[in-house]
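We did not get these values from a lab; they are worked out from the coordinates using the rules stated. Since the structure is predicted, the reported quantities are computational estimates derived from the model, not experimental observations.
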Amino acid sequence: MTDKKNLLVSCPRCGVRVAWQDNPFRPFCSDKCRMIDLGRWANEDYRIPAQPTSDEELAEIIEFPQSPEED
Ligand SMILES: [Zn+2]
């Protein structure tokens, strides 16, 4: 059986495995990591890089209505 009390998550900041349960800083390992991460967001230093999206990638995300093929 799965014991959720022993569930470990990796801190997004430093990658340390920390217990999810009773962790006030989750998903981070500590207040330090959490503040660093929040700070980076606040500084807009942590933006998701804008990547060119190909039509094929879009098609995987959005289901375009398929136009019937005509012979
Ligand atoms: Zn951490």
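So how much slack lies between residue 63 and residue 8, counting 0.36 nm per residue of separation and subtracting their Cα-Cα distance, in nm? The residue 63-residue 8 span can extend by a further 16.3 nm. For segment 4-47, taking the reciprocal of the average inverse distance between every pair of different Cα atoms yields a Kirkwood hydrodynamic radius of 10.7 Å.
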